[in-house]
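Asks: The structure is given below, and queries will be raised subsequently.
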Amino acid sequence: MNARAYFYLGITALFWGGNSVAGKMAVGHVSPMMLTTLRWLLALAVILALMTPQIRRDWQKIRQHWLQLLAYGAVGFTMFNAFLYSAVQYTSAINAVILQAGIPMLIFIFNFALFKMKASLAQVIGFTVTLIGVLITAAHGDLGSLMRLSFNFGDALMILACIVYAAYTVALRWKPAMHWQSFIAAPAFGALLSAIPLLLWEIGKGTAIMPDATGWAIVIYAAIFPSLMSQVLYVRGVEMIGANRAGLFINAIPVFGTLLSVLLVGEIFHPFHLAALALVLGGIAIAERGRPKLPRWPIS
C-alpha cells in the first residue's frame, strides 16, 4: 500500500508541476479564470462520459452528502487556484513557490490542533530537508537572494491559498465512503459552479481571453491531468497514508515544475536543480522512515 501511495503522490506532484509550466505557457493564450472554468467544464464532461454508471449507483450517497462534496470542489479545486492566480498578479513566482512549501507544515499544525496528531522528530527533520530543497529551487541556488525578497499583498493572498489547501487536505479525513469515481464527480461539479462567478468577474473587468489553439491545448492538459487525474490520485494517496505524510509530497511540485520547464520551455538545467531534487526526495524518505505507527484509514 505504501508503494502504491508513493507512486500516486509522485505522479500527482509531477502533473501539478506540469500545471505550473502550463500556467506560464497560458499567458496571452487564455486568461486565468477562463482557464479555470473551461478546464473544470471539460473535466466534468469526461467524468460524465466515463463514470455515469458508477455515479448512478452511488447517487443516494451523493445526495446525502451533496453540500460537503460541493464544498470540497469549491475550496480544494477552485478557491486555491483563485487565490494563487490573484497572488501572482502582485508577487513574484519565487515568493509563491516559497510560500506553497509551507503547506505540509500547515497540515501538521491543523492535525495537531484539531486531532492532537503529533508529527515525529523524523517527520519534522524530513520536512525541513524538503523545505531546503524547495528554497534552493526558488532561489536558483543562491540562498542569499532570499534575504532580499519583499512581501506584499500578493504574499498575503498566497498564504490564504496555502491555508485553503491545507484545510482541504485535512478535511479529506471526513470524506464519505464511496467509490472514487463518484467522489471526484461531485467536487468537480462544485469546482465548476464556484468558478463561474470568477469568470463573470473577469469578463466584467474586461480581462477575459478566449483560448486560441495553444490555449485549448493547455485547457485540455489542465482538465485531464492536474484537474482530474491528480485530484483522484491525491485523494487516494491521502486515504492510504494520511494527510501528514501525503502533504509532504507537495514540496516536490516546484522541483518537478523546474525540471519540466527545462524540458518543455527550454530553461537551463543547473547543478542546484539536481541538489534540490535530492533534498526533496531525501526529506520525504527521512519522514517516511520515522513516521508514527498509526492505523490506516479505511479504503473505500
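Asks: Hey, among Ala71, Ala82, which residue is in a helix (DSSP H, G or I) and either closer than 25 Å to Leu263 by Cβ or at pLDDT 90 or above (or both)?
Replies: Ala71
Asks: Here's something else I'd like to know. Looking at (1) among the hydrophobic types (A, V, I, L, M, F, W, C); (2) farther than 16 Å from Thr12 by Cβ; (3) in contact with a helix residue (DSSP H, G or I) (Cβ under 9 Å, 6 or more places away or on another chain), find the lone condition where Ala166 falls short.
Replies: In the conditions (1) among the hydrophobic types (A, V, I, L, M, F, W, C); (2) farther than 16 Å from Thr12 by Cβ; (3) in contact with a helix residue (DSSP H, G or I) (Cβ under 9 Å, 6 or more places away or on another chain), Ala166 misses (2) alone.
Asks: Residue under question is Thr12, and the condition is that it be assigned to a helix (DSSP H, G or I), touching a Leu at 6+ places or on another chain (Cβ under 6 Å) and either of a type in the set (D, E, K, R) or closer than 19 Å to Leu259 by Cα (or both); does it hold?
Replies: Yes, satisfied.
Asks: Something else: Report, by residue number, each residue of the stretch 1-37 that is surrounded by fewer than 21 Cβ atoms within 10 Å (Cβ to Cβ) and farther than 15 Å from Leu264 by Cα.
Replies: Met1, Asn2, Ala3, Arg4, Tyr6, Phe7, Gly10, Ile11, Val27, Gly28, His29
Asks: Here's another thing I want to ask about it. Within the stretch 173-184, restricting attention to residues that are open to solvent by 10 Å² or more (accessible area, probe 1.4 Å) and assigned to a helix (DSSP H, G or I), which residue is nearest to Ala223 (Cα to Cα)?
Replies: Gln181
Asks: Exactly one of these conditions fails for Leu248: (1) modelled with pLDDT under 90; (2) open to solvent by 10 Å² or more (accessible area, probe 1.4 Å). Give me its number.
Replies: So the condition that Leu248 fails would be (2).
Asks: If you don't mind, another one. Among all residue pairs at least 6 apart or on different chains, which show Cβ distances below 7 Å where the first residue, located in the stretch 157-169, is surrounded by 23 or more Cβ atoms within 10 Å (Cβ to Cβ) and the second is not in a helix (DSSP H, G or I)?
Replies: Qualifying pairs under 7 Å: Met158/Thr91; Cys162/Gly102.
Asks: Residue check: is Leu42 surrounded by fewer than 19 Cβ atoms within 10 Å (Cβ to Cβ) and touching a helix residue (DSSP H, G or I) at 6+ places or on another chain (Cβ under 8 Å)?
Replies: Against the criterion (surrounded by fewer than 19 Cβ atoms within 10 Å (Cβ to Cβ) and touching a helix residue (DSSP H, G or I) at 6+ places or on another chain (Cβ under 8 Å)), Leu42 does not qualify.
Asks: While we're on this one: Can you pull out every residue in the stretch 174-217 that is of a type in the set (Gly, Ala, Ser), under 19 Å from the mean Cα position of the chain (by Cα) and closer than 20 Å to Pro32 by Cα?
Replies: Ala188, Gly190, Ala191, Ser194, Ala195
Asks: Answer yes if at least one residue in the stretch 114-123 is buried (at least 21 other Cβ atoms within 10 Å of the Cβ) and touching a Ser or Thr at 6+ places or on another chain (Cβ under 9 Å), and no otherwise.
Replies: There is no residue in the stretch 114-123 that is buried (at least 21 other Cβ atoms within 10 Å of the Cβ) and touching a Ser or Thr at 6+ places or on another chain (Cβ under 9 Å).
Asks: List pairs: first in the stretch 30-57 and within 30 Å of Ala87 (Cα to Cα) and of a type in the set (D, E, K, R), second open to solvent by less than 10 Å² (accessible area, probe 1.4 Å) and modelled with pLDDT under 95, Cβ under 7 Å, 6+ apart or cross-chain?
Replies: Arg39/Val219; Arg39/Ala222; Arg39/Ala223; Arg39/Ser227
Asks: A further question follows. Which residues, taken from the stretch 198-222, are open to solvent by 60 Å² or more (accessible area, probe 1.4 Å), over 25 Å from Val46 (Cα atoms) and assigned to a helix (DSSP H, G or I)?
Replies: Those that are open to solvent by 60 Å² or more (accessible area, probe 1.4 Å), over 25 Å from Val46 (Cα atoms) and assigned to a helix (DSSP H, G or I): Trp201, Ile203, Gly204, Lys205.
Asks: While we're here: Scan the stretch 83-95 and give yes if some residue there is closer than 30 Å to Gln123 by Cα, open to solvent by less than 10 Å² (accessible area, probe 1.4 Å) and under 13 Å from the mean Cα position of the chain (by Cα), otherwise no.
Replies: Checking the stretch 83-95: not a single residue is closer than 30 Å to Gln123 by Cα, open to solvent by less than 10 Å² (accessible area, probe 1.4 Å) and under 13 Å from the mean Cα position of the chain (by Cα).
Asks: Separate question: The conditions are (1) farther than 30 Å from Arg4 by Cα; (2) in contact with a His (Cβ under 9 Å, 6 or more places away or on another chain); (3) in contact (Cβ under 8 Å) with a residue 24 or more places away in the chain, and Ala195 fails exactly one of them. Which is it?
Replies: Single failed check for Ala195: (2).
The values are calculated or read from the model by the stated rules, or taken from the named source; none is laboratory data. The shown structure was predicted, so the numbers you read here are calculated from the model rather than taken from an experiment. Here Cβ is always computed from backbone atoms with ideal geometry, including for glycine, and neighbour counts include all displayed protein chains. For the accessible areas, the whole protein counts, side chains as well, though only heavy atoms, and no ligand, DNA or RNA atoms are used. Shrake-Rupley method; radii C 1.70, N 1.55, O 1.52, S 1.80 Å.
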